[in-house]
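Input: a single structure, listed below in structure tokens.
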Amino acid sequence: QVQLVESGGGLVQAGGSLRLSCAASGSTFSINAIGWYRQAPGKQRELLATIRTSSSTTYAGSVKGRFTISRDNAKNTVYLQMKSLKPEDTAVYYCNTIVFTTTGWIQSGSWGQGTQVTVSS
């Protein structure tokens, strides 16, 4: 099973940028689709972006055009580049392995600690 660790969060002003990293251990990383999620206080966890093994990507409407997901299989890492950040992007961000089902993408691994992103106005 792939183990994932998120990093790169922090405090940034509105309009700023951050790059999150999702580092994986395990030899099967390259065959997994990966998703970035976030959870704001009092809200449900939200799937933001997905990347398949082919590197094809999808984005939630709330982040499309501002966030970019990418992967480096040689480094066993998936990135989430975030720009034009808004206060409403404040949340804990998580990555996870994902699988596509008849109802859409669902996570297939355990949740890690996540990384906190705070955007000040």
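The values are calculated or read from the model by the stated rules, or taken from the named source; none is laboratory data. All values reported here derive from a predicted model rather than from experimental measurement. Please note: Cβ atoms are built from the backbone with ideal geometry, for glycine as well, and neighbour counts cover all protein chains shown. Just the protein is used for accessible areas: all its heavy atoms, side chains included, with ligands, DNA and RNA removed. Shrake-Rupley method; radii C 1.70, N 1.55, O 1.52, S 1.80 Å.
Filtered by the rule that a residue be in contact with a Ser or Thr (Cβ under 7 Å, 6 or more places away or on another chain) and among the polar types (S, T, N, Q), segment 4-36 gives Ser7, Gln13, Ser21, Ser30, Asn32. Among the criteria (1) open to solvent by 30 Å² or more (accessible area, probe 1.4 Å); (2) at pLDDT 95 or above; (3) of a type in the set (A, V, I, L, M), the one Val78 does not fulfil is (1).
Output the strands (runs of 3 or more DSSP E) that fall wholly within segment 3-121 and possess 2 or more residues being charged (D, E, K, R) and within 15 Å of the chain's Cα centre (by Cα), or say none.
Passing ranges, in order: 67-72.
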